[in-house]
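Got a structure here, written out as structure tokens. Questions coming.
The values are calculated or read from the model by the stated rules, or taken from the named source; none is laboratory data. Given the structure is predicted, the values throughout are model-derived calculations rather than measurements. Positions of Cβ are generated from backbone atoms using ideal geometry, with glycine treated the same way; all protein chains shown enter the neighbour counts. Only protein heavy atoms, including side chains, enter the accessible area calculation; ligands, DNA and RNA are left aside. Shrake-Rupley method; radii C 1.70, N 1.55, O 1.52, S 1.80 Å.
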Amino acid sequence: MFRRSRTHALITMVAMVAVAAACGTSGPSAGSGGGGPFKVWALQDPALNPIEKASAEGAGGTLETFGNDPYKQKLRVAIGSPNAPDVFFNWGGGNLKEYVDADKIVDLTPVLDENPSLKSAFLPSVLDGAKIDGKYYGIPMRGMQPVVLFYNKDVFTAAGATPPTTWDELLALVDKFKAAGVQPISLAGSQAWTELMWIEYLLDRQGGSDVFKNIRDKGPAGWKDPAVLQAATKVKELVDRGGFGTNYASVGYDVGGASTILAQGKAAMHLMGSWEYTNQLQQSPDFVKNGKLGWVAFPTLPGGKGQPGTVVGNSSNYYSITKSSKSVDAAKKFVASGLNDEKYVQSLIDAGDVPAVVGMKEKLAKAPNSEYTTWIYELVEKATVFQLSWDQDLTADQSTKMLTQLQELFLGKVTPQAFVDALAAG
Amino acid sequence: MRQRPSFWYAAPAFAFFALFAALPMVLVVLLSFTSWDGLGTPQPNGVDNWARLADDGQARDAVGRTAILMVVSWLVQTPIALLIGVWAAGRQRTRAVLSSIFFLPLLLSTAAIALLWQVMLDPNFGVTQSIGGWLGDVQFLGNPSIVLYTVAFVITWQYVPFHTLLYQGAARAIPQTLYEAATIDGAGRVRQFFHITLPQLRYTVITSSILMIVGSLTTFDTVLILTNGGPGAASRIAPLHMYITGFSGFEMGYASTMAVLLVVVGTGLSLLVMRVTGFRSMTSQQEGA
């Protein structure tokens, strides 16, 4: 592999030299809003890409799309090079903050101030996802993806169970389903981000939203908060109790894994992002159409400090503008008018997305799958805090370490205390 | 001295090597003394990365796993490849058909192989589930103490055909007269194997071993797709650890430090193997040489 990293480094170095050279000569003309179509980069998504393409091209831009992991790498190398996109898709949070700190991103606060109707068009908790040090650096451009607890109604009926509303009920259900020979919870444990959802919710319910904000803003020492240890201990208890069965460590989300187990009734529950609905609709259409897929909010934790309504997940995705762009003005116009555009929003709804735009309930109610989408919409609308997934909200290096430790915790290879210690050490 | 082609014939190759191998390597060495997140300018930080590498438990574990993978792959692949190769060099009737089947993995791309095994070893829907019973409830990809050997198995499955090909070619080149003489002297097939075939294949064993050793040092794609280093970090071998540090954590400086270490260790190991085995003298043991 080192060969690839070497060539990568070379390309980047060459690119950097080119940028340095370009800076020397093109100083005066920079930011004059030159012509040509602006480039928009987004993540591949068969359902949403055509909509994004139409919207970008309507405003005089072009759209390029990339797969998930290559996208993050490509973006990192491209930004700051002459090939940087003008507008790019991102997740907000700490991930975006790294680019902001490197002074690569255009501050969009003035744009929002000039267009009060734009600012009030989006749900505040979602708009805040791209707010860094009090300034807005991105405008929501896709639907909201909160994490919710899915369940198989048939399995619940057969066991005479009702969906859990509190943590203790969830634990009781684990015992009940185990006794019935069903895996209580499906978990794609070969991928750390699925395990992340559990600790994100548990920490929020246990210690409130400030615990993680503290970690994100003030550094790894924040992991020492007692609530982290309590949440990690709860994870361990759930694992040891057999909540996730025995083979979760090799189950994946992508290859017919965790979702299929739920649909086939081999597992009773599955904590997943809201995209699980569309995923099930494609993989196991009958399961969804016959109304066997149920969903509830993550259980509350009596005695915990967190607000019961808080949700975690991907609040939305955002478009941000690069400072090096030669078409900043055109790009600004695009993000200021294209993303709350009625037609754009309606297309998102038609594609099964739940846009982060206010007053969507009636529109959602008219679209297919309204029972689910309106529920998701209300869940987020009522939430005062929408905690962005930690792996997006932390810087890349911290997030990578955290995910590794988390997998070790789920495997029982480290104790909750060792988990906390390793993370606090930074 | 015999007439040799002018040095300039090699110039394009040298230029290519300098641009795509030597120069990047120099840059990586330079990067290894910096802190760089891929944005902005690399910040020199002296020997910080090297000090960090010296007491980085995760990196040490990753190197340990690479060592295990290297030893296991060599121990398993060499005898299998050698035996199949020598067999395939023979004139049996079934040889052509069976060899084609044995060489099949060679035709598949690494990504296809990794995905194939990932699906086959899936604990819920995989083949291991279908054949059920006698394997028990073994988690080939989910058990941290088994997964590295599963990876070694998949890599073996993937690369044995290639090494078999090396051995087949070399075994074919052994003069038939040696065997004829041995037969006259009354040596059986087993003795012929140990006293003619094996010594004659000596340099092929070395070549193939170096390829295996350096290959396991840089194995990456199979593991990335098959397990992505998991569960936990149980199959996170050194190159993958470097990749994750560099391209998920974006600690390019520190990842370059690991890259330098891998280059040094890889080069060192191949030099060592050549030295120890006397590969450099490369004298032929065949008649008339």
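One quarter of the convex hull surface, Cα atoms only: what value does that give for the stretch A:63-112 in nm²? Could you put the intermediate results ahead of the total?
Working: hull surface 16.3 nm².
Projected area, direction-averaged: 4.1 nm².
About its Cα centre, how strong a charge dipole does the stretch A:42-92 have in debye, to the nearest 20, once Lys and Arg get +1 and Asp and Glu get -1 at the Cβ? Walk me through the intermediate numbers first.
Working: 4 positive and 6 negative charges, 37 e Å.
Once rounded to the nearest 20, the dipole reads 180 debye.
Report the per residue volume, in Å³, of the convex hull enclosing the C-alpha atoms of chain A.
So the per-residue Cα hull volume is 143 Å³.
Quick one: Cα convex hull volume of the stretch B:177-289, Å³ per residue?
On the way: hull volume 16.2 nm³, N = 113.
So the per-residue Cα hull volume is 143 Å³.
How many percent of Cα pairs in the stretch B:55-277 exceed 28 Å?
Percent of Cα pairs beyond 28 Å in the stretch B:55-277: 41.
How many partner chain Cβ atoms sit within 10 Å of a residue's Cβ in peptide B:19-28, on average, as a whole number? Walk me through the numbers before you get to the answer.
Values: counts 1, 4, 3, 0, 5, 10, 5, 2, 7, 6.
Partner Cβ neighbours, averaged per residue: 4.
Kyte-Doolittle cut-off 0.0, length cut-off 27 Å along the helix's own axis using Cα: show which whole DSSP H helices in chain B pass.
Helix filter hits for chain B: B:57-88, B:147-172, B:252-277.
Are there DSSP H segments in chain A that both extend 30 Å or more along their axis (alpha-carbon positions) and score a mean Kyte-Doolittle hydropathy of at least 0.0? List them, or say none. Please list the in-between numbers first.
Numbers: long enough: A:2-26 (35 Å, 0.80).
Answer set is A:2-26.
Which whole number gives the average count of other chain Cβ atoms within 10 Å of the Cβ atoms across peptide A:402-411?
4
Could you sort A:Ile51, B:Ile101 by their accessible area in this structure, using a 1.4 Å probe and putting the largest first?
Correct descending sequence by accessible area is B:Ile101, A:Ile51.
Follow-up. Could you sort the peptides B:180-188, B:257-265, A:68-76 by per-residue average Cβ neighbour count (10 Å cutoff), highest mean leading?
Peptide ranking by packing, descending: B:257-265, A:68-76, B:180-188.
For the stretch A:190-303, which semi-axes, largest first and in whole Å, follow from the square roots of 5 times the eigenvalues of its Cα gyration tensor?
Working: eigenvalues 177, 45, 37 Å².
Computed over the stretch A:190-303, the values are 30, 15, 14 Å.
Distances longer than 34 Å among the Cα atoms of the protein assembly as shown: what percent of all pairs is that? Don't jump to the answer; show the numbers that get you there.
Values: 140545 of 255255 pairs.
Within the protein assembly as shown, distances greater than 34 Å cover 55 percent of Cα pairs.
With each run of n ≥ 4 DSSP H residues scored as -39500 (n - 2.57), what mean residue ellipticity at 222 nm is computed for chain A after dividing by its residue count and rounding to the nearest 500 deg cm²/dmol? Display every interim value, and only then the final one.
Working: 22 runs with 216 residues, N = 426.
For chain A, the value works out to -15000 deg cm²/dmol.
Mind ranking B:246-253, A:289-296, B:63-70 by how tightly packed they are, going by the mean number of other C-beta atoms within 10 angstrom, highest first?
B:246-253, B:63-70, A:289-296
Bin all alpha-carbon pair distances of the stretch B:34-154 at 10 Å intervals from 0 and give each bin's fraction as a whole percent.
That works out to 10, 23, 28, 22, 12, 6, 1, in percent per bin.
As a test of understanding, state the convex hull volume per residue of the stretch B:15-99 from its alpha carbons, in Å³.
Enclosed volume per residue, from the Cα hull, is 193 Å³.
With a 1.4 Å probe on protein heavy atoms only, work out how much accessible surface A and B bury together, total over both chains, in Å² to the nearest 100.
The buried area between A and B, both sides summed, comes to about 3700 Å².
Rounded to the nearest angstrom and ordered from largest down, what semi-axes does the equivalent ellipsoid of the stretch A:124-212 get from its C-alpha gyration tensor (root of 5λ)?
Ellipsoid half-lengths, sorted descending, are 34, 15, 13 Å.
Per-residue mean of other chain beta-carbon atoms within 10 angstrom of the beta-carbon, peptide B:36-45?
Values: counts 2, 7, 12, 10, 8, 4, 4, 0, 0, 0.
Going residue by residue through B:36-45 and averaging, the value is 5.
Let me ask something additional. Three principal axis extents, largest first, for the C-alpha atoms of the stretch A:250-324, in Å?
48, 44, 29
Pairwise over distinct Cα atoms, reciprocal of the mean inverse distance: report the Kirkwood radius of the stretch B:138-179 in Å, one decimal place.
It is 12.7 Å.
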